Structure formats: structure tokens, C-alpha cells
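Visitor: The structure's right below; bear with me while I get my questions together.
The values are calculated or read from the model by the stated rules, or taken from the named source; none is laboratory data. Computed from a predicted structure; not experimentally measured. Here the Cβ positions follow ideal geometry from the backbone for every residue, glycine too, while neighbour counts run over all protein chains shown.
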Amino acid sequence: MEAATVDAPLAPRRDHPSIWVQAPELARRSIMRTVRQPAAVIPATLFPLILLAINSVGLKSATSLPGFPTNSYITFSLAFAFIQAGVFAVIGTGQNLAEDNQGGFFNRLQLTPIHPAALVAGQLAGTLALGLFQAATYISVGLLAGAHIEAGLPGALVMIALAICICLAFGSIGLAIGMRVDAPEKVQSLFPLIFVFLFLSSMSLPRNLIQTDWFRTVATYNPVSYMVEGLRSLLITGWDPEALALGFGCALGILAIGLYFAATGLRERMART
Amino acid sequence: MRRYLSVAGGLAWRLLHSLLTNPLLFLPPMLMPLFFFTAFAGGLSAVSNVPGFNYSPGYTSFIFAFVLCQSAAFGGVFSGFSIAADFQFGFGRRLLLATPHRSALILGYGIVAAIRAAITITVVSLVALVVGLNIGGSGLDVFGMYALAAIINVTGLLFAAGVALRFRSLQSTPLMQVPVFLFLFLAPVYVPRQLLGGWVHAVAPFNPFTHVMETVRDLIAGTGTEYLATLGIISGLLALTFVFAITGLRRAETAG
């Protein structure tokens, strides 16, 4: 009983690591995880290249249409490879997060003084690394295959910046989905639905050459069209501030929306456990 | 024989039940050909104005031939996914133990592949008719077109089964999808063969899907077609994939 009256020693003051310490740690984990998954990285990089190789010759005759902006279809279609990479970013990010949920990693993290922003930023780091690798690969392969960048080397750098924004935007959608599902297969099954947004855009022809009225209308309202056109402007037109502003604006807008839903999903998940 | 059919029917019923009770497994593969159809027929219709593009029924009908082949082939391939899943999680091994004639298992998965493809093709055909599919061919031509689709469906299933039974893991699904996807896209998908450029023009004649797609387009248009030649080519491919599936089954049996 005496012991009960003895003052407990003061608990040592715990210094929580700041977000700037937490985020890089989680980012490192996310990047290493991406690097260690060649089965995810290789198809995500190769599949758009295969479609590029096929479409660039399969649709080459489309360049003879009056009003087509270039005589090189590979230059025209190169932009689409970047957007396809974005779809793989949705699946990759969402699936990784769903695996974390399924494996209990998330629950264990919640026992630590982790900052929610560090968690979200860390998860997107792998997407960013993959996006950078894919952008460099597509530009290199495109140039080797005969594409040209009208805006030159600075244009290529802006393309990489826009491609990364697009990957992060799509990755944030994956993050928002991954926060809400507990099985990676459920993220996989969303693949065709996300593909719809790609198909119903100006991916294969410029909007002014799309003859079907409803399709042109849908493509006009589809933000994917503006991201494709932003990238394409650097390849074909040179420097087009309006196309670039719309491209960056749509990518950053989707990123903001995706992060908002990811944050609310994270809050719900925290509340549940 | 009765027992053989009973095994195939029982397996097919189980797979159909799990597909119908889980829309997330059934709907996305069915929607995929519709998306392709919408995107290509809607977004690329201007391609029909390219000099040298002479297909009288129109671009929607031209693209329908591709989507028909895709629906049929992937109806088979997706059943290969079910085989891989069943073997990965141990159900396939129990099926091997319980079945005296194991080729009945392939028949069971084949029944599901056929039903799956039939549903997808019906939906795609109805949508195509609504948005402007023009059929100039006779009833016999239309029957011939769907008969070709049925053979492609079986070929797709046997190929996927061969892969699934060799690897017995869901990790092998890209090995089922990607080759079929490549074969489909290395055919004249967007424009007739004479308008294809570069290396695709060089490889297209050696691709069985080129001949199937061109024959389906001729059947839709009601123009003369080399139907028997195409039937011969696709039957040869069917025979090859049959051997591939049966040897795959033997490997699965040996692995136990």
C-alpha cells in the first residue's frame, strides 16, 4: 500500500518527430516498395509503349485528314502514353494502400504519433518516382521512334513536370479509393471504369476533328482532354500558354480533389479503429 | 458420358453462380468491349474520310468487327482467370481428385466462357444496332459471323486454360491477356489493311485475327468473302490451342 502513495516518476517528455521527419521515412518506404515490384512497374511502363507503337502505325493514315495538326502520328499520340501511365498510377497507389489496409500496416501506424499529412504524402512518393521514370522513358523512346518536341529541351522539362502532376493527380484518386477499400482486387476491378475517362477524350483525334457530336461534347467536358492537349501542345505547337494552363490546372484540380477525399477517407479510417 | 457432362455442368453452375452474385467480377470485363466500341466508333469516325478508306456500311460497322472479336476472345480469356484462381486457392486440386475424366473441367469452364461471351456480344450488338451498325449481309452471313466469334471464344479459352493450368496462379493473368490483346491490335483495327503503315502492315497478314476481322467485315457488308480460308486458319489455331490446353491439364495432373 505504501507503494501506492509513492509519487510515480515523471514520464519522460516524448518528442514526436516532425512531419518533415515522418514524411521522408514513409516516402522512402513507398519508393522502395515501388522499386521492388517489377511486376507492377514493367507493365505500367511497357503497356502504354506497346499501344503507342501499334497506334502510331495503325492510325498513321489519320494524319492525312484535313486539319490534322501534324504529319507525325507518333508525335501526336505520344502524349497519350503519359495519361495511360496515370491510370496505372491510380491502380498502383490504390492497390498498395489496400494491401496496407488488408495487412494491418495502417492499424499499426495509427498506434504511432503519425501525422496524417505525412501518411498521404509518403504514399504518393512511390507514384511520383514511377511517374518520373515513365516520363523520361516515354520521351526517350518517343524521340528515338521519330517523334519531335516543338518546344525543345525546355519543353521536354515542362512535359516531365506536367506528367508528374498528372501522375500525382491520378495517384491521389487511387489514394482516395485505397482508403475506402480493404482488398486490392476491388481496386483492380475499377480499372475499366477509369479507362472510360481516357477513351472519352481527345486521345486519338483533335477535338475539332471528332465528328460524333455527343462524343465531342463529352470530350470537351472531360478534364483528361485538357491534360492530353497540354502535353500535346509542347510536342506539336511549341509554347501555348492557354493549353499549358488548362493542362496544369486540370491536373492540380484533380490532385486537390483526390487529396481531399483521401484525407476524409483517412479520417474515417482513423475514427473506425 | 452422363457423368462427364454432369461434372462439366456442375462446375459451370458453380462459376456462373459466383459470377452472377459478384457483379464486380462480371461487369467490368463485359463493359470493356463497350468502352472500346464507344471510343473507337465515336471518337475515330473521321478516319473513314481518309483517302482509300472504302467500307460502305460505315465506320461503326467497321469497328464492330474488332469489338466482336475482342468480346469473343476475352470471354474465353477471363474464364482462364477463374481456372488460375481455382488452382491457386486449392479448389482445382480437389476438382482433379474428384473427376474421373478431367477434360470435363475444361468443358465446364468453356460453358461459362461461352455464356459470358454470348451476354457481352448480345449487349454490344444491341448497342451497335442502336448507334448505327449497318448489316448488308444475309441471315446466313450473320450466322457465319457469330459462328466465327464462337470459335474465337473457344480458342481464347483454350489458350488461357493452357497458361492457367501450367502456372496455376493468378500471377499468370498478364500472360493470358497480353498476347491476346497484342494479336487483336496487330490486326487492321482502325483502318483497312492497305492503309496500315510500317511494321504492323508487315505482320498483319500473318495474324489469324486479321483474316477473321476482314471476313467479319465482309460478312457485315454482304460482299464476297474468303470464309472457308478464314475458317481453315482459325480451325488450325483452335487445334493448336486445344493441344496447348490438354498438355497444360496433364502438367497440372502431374503437379498434383
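Visitor: Where the second residue is part of a helix (DSSP H, G or I) and β-branched (Val, Ile, Thr) and the first is in contact (Cβ under 8 Å) with a residue 40 or more places away in the chain and lies in segment B:91-112, which pairs have Cβ atoms under 6 Å and are six or more apart or on separate chains?
Guide: B:Thr99/B:Val7; B:Ala104/B:Val7; B:Tyr109/B:Ile83
Visitor: Look at B:Pro205 and say whether it is at pLDDT below 90, over 18 Å from B:Ser71 (Cα atoms) and more than 14 Å from every other protein chain (Cβ to nearest Cβ).
Guide: Working: at pLDDT below 90: no; over 18 Å from B:Ser71 (Cα atoms): yes; more than 14 Å from every other protein chain (Cβ to nearest Cβ): yes.
No.
Visitor: Any idea how many residues of segment B:219-256 are touching a residue at least 12 places away in the same chain (Cβ under 8 Å), out of contact with any Leu (no Cβ under 9 Å at 6 or more places or on another chain) and more than 30 Å from B:Phe87 (Cα to Cα)?
Guide: Counting residues in segment B:219-256 that are touching a residue at least 12 places away in the same chain (Cβ under 8 Å), out of contact with any Leu (no Cβ under 9 Å at 6 or more places or on another chain) and more than 30 Å from B:Phe87 (Cα to Cα) gives 6.
Visitor: Considering (1) more than 17 Å from the chain's Cα centre (by Cα); (2) within 14 Å of chain A (Cβ to nearest Cβ), say which one B:Phe183 fails and leave the rest.
Guide: (1)
Visitor: If you scan segment A:152-161, which residues turn out to be surrounded by fewer than 24 Cβ atoms within 10 Å (Cβ to Cβ) and not small (Gly, Ala, Ser)? Reasoning before the result, please.
Guide: First pass over segment A:152-161, keeping only residues surrounded by fewer than 24 Cβ atoms within 10 Å (Cβ to Cβ): A:152-158, A:160-161.
Answer for segment A:152-161, where residues must be surrounded by fewer than 24 Cβ atoms within 10 Å (Cβ to Cβ) and not small (Gly, Ala, Ser): A:Leu153, A:Pro154, A:Leu157, A:Val158, A:Ile160.
Visitor: Only one of these conditions is not met by A:Leu51: (1) surrounded by fewer than 22 Cβ atoms within 10 Å (Cβ to Cβ); (2) away from every other protein chain (no Cβ under 13 Å). Which number is it?
Guide: Here A:Leu51 clears every test but (2).
Visitor: Can you tell me which condition B:Thr210 does not meet? The list is (1) outside any loop (DSSP other than H, G, I, E, B); (2) more than 30 Å from B:Leu105 (Cβ to Cβ); (3) among the hydroxyl-bearing types (Ser, Thr, Tyr); (4) touching a Ser or Thr at 6+ places or on another chain (Cβ under 6 Å), and all the others hold.
Guide: Result: B:Thr210 fails condition (4) only.
Visitor: Return the residues of segment B:187-200 that are facing chain A (nearest Cβ under 7 Å) and not small (Gly, Ala, Ser); say none if nothing qualifies.
Guide: So the first thing to find is which residues in segment B:187-200 are facing chain A (nearest Cβ under 7 Å), and the list is B:189-191, B:195-200.
The answer is B:Val189, B:Tyr190, B:Val191, B:Leu195, B:Leu196, B:Trp199, B:Val200.
Visitor: With the structure loaded, tell me whether B:Leu34 is within 12 Å of chain A (Cβ to nearest Cβ), part of a helix (DSSP H, G or I), without any contact (Cβ under 8 Å) to a residue 40 or more places away in the chain and not charged (D, E, K, R) or whether it fails that test. Explain how you work it out, then say what you get.
Guide: Values: within 12 Å of chain A (Cβ to nearest Cβ): yes; part of a helix (DSSP H, G or I): yes; without any contact (Cβ under 8 Å) to a residue 40 or more places away in the chain: no; not charged (D, E, K, R): yes.
When the stated conditions are applied, B:Leu34 does not pass them.
Visitor: Exactly one condition in (1) assigned to a helix (DSSP H, G or I); (2) modelled with pLDDT of 90 or more is false for B:Val200; which is it?
Guide: (2)
Visitor: Could you say whether any residue in segment A:142-151 is closer than 23 Å to A:Met32 by Cα and assigned to a helix (DSSP H, G or I)? Full working, then the answer.
Guide: Step one: list which residues in segment A:142-151 are closer than 23 Å to A:Met32 by Cα, which gives none.
No, that holds for no residue.
Visitor: Look through A:Gly178, A:Gly146 and report the one residue that is modelled with pLDDT under 90 and within 14 Å of chain B (Cβ to nearest Cβ).
Guide: Details: A:Gly178 fails: within 14 Å of chain B (Cβ to nearest Cβ).
From the options A:Gly178, A:Gly146, the qualifying one is A:Gly146.
Visitor: Could you look through segment B:1-24, keep only residues that are surrounded by fewer than 18 Cβ atoms within 10 Å (Cβ to Cβ) and within 14 Å of chain A (Cβ to nearest Cβ), and pick out the one that is modelled with the lowest pLDDT? Explain how you work it out, then say what you get.
Guide: Within segment B:1-24, the subset surrounded by fewer than 18 Cβ atoms within 10 Å (Cβ to Cβ) is B:1-6, B:9-10, B:13-14, B:16-18, B:20-24.
Among the residues that remain, those that are also within 14 Å of chain A (Cβ to nearest Cβ) are: B:18, B:22-24.
Values: B:Ser18: 83, B:Asn22: 75, B:Pro23: 74, B:Leu24: 67.
Checked segment B:1-24; the qualifying residue modelled with the lowest pLDDT is B:Leu24.
Visitor: Among residues belonging to segment B:222-253 that are surrounded by 20 or more Cβ atoms within 10 Å (Cβ to Cβ) and small (Gly, Ala, Ser), point out the one that is farthest from A:Ile54 (Cα to Cα).
Guide: B:Ala252
Visitor: Are there any pairs, at least 6 apart or on different chains, whose C-beta atoms fall under 7 Å, with the first in segment A:10-31 and modelled with pLDDT of 65 or more and the second part of a loop (DSSP other than H, G, I, E, B), and if so, which?
Guide: If the second residue must be part of a loop (DSSP other than H, G, I, E, B), the pairs left are A:His16/A:Pro113; A:Ile19/A:His115; A:Gln22/A:Ile114; A:Gln22/A:His115.
Visitor: Which helices (runs of 4 or more DSSP H) does segment B:41-131 wholly contain that include 3 or more residues that are within 14 Å of another protein chain (Cβ to nearest Cβ)? Step through it out loud before you land on a result.
Guide: Numbers: elements: B:59-88, B:91-98, B:103-131.
Of the helices (runs of 4 or more DSSP H) lying wholly inside segment B:41-131, those with at least 3 residues that are within 14 Å of another protein chain (Cβ to nearest Cβ) span B:59-88, B:103-131.
Visitor: Touching a Phe, Trp or Tyr at 6+ places or on another chain (Cβ under 6 Å) and either hydrophobic (A, V, I, L, M, F, W, C) or surrounded by fewer than 19 Cβ atoms within 10 Å (Cβ to Cβ) (or both) - does that describe any residue in segment B:154-177?
Guide: Of all residues in segment B:154-177, those touching a Phe, Trp or Tyr at 6+ places or on another chain (Cβ under 6 Å) come to B:158, B:162, B:168, B:173.
Then drop every residue that is not either hydrophobic (A, V, I, L, M, F, W, C) or surrounded by fewer than 19 Cβ atoms within 10 Å (Cβ to Cβ) (or both), which leaves B:158.
So far as segment B:154-177 goes, yes, one or more of its residues are touching a Phe, Trp or Tyr at 6+ places or on another chain (Cβ under 6 Å) and either hydrophobic (A, V, I, L, M, F, W, C) or surrounded by fewer than 19 Cβ atoms within 10 Å (Cβ to Cβ) (or both).
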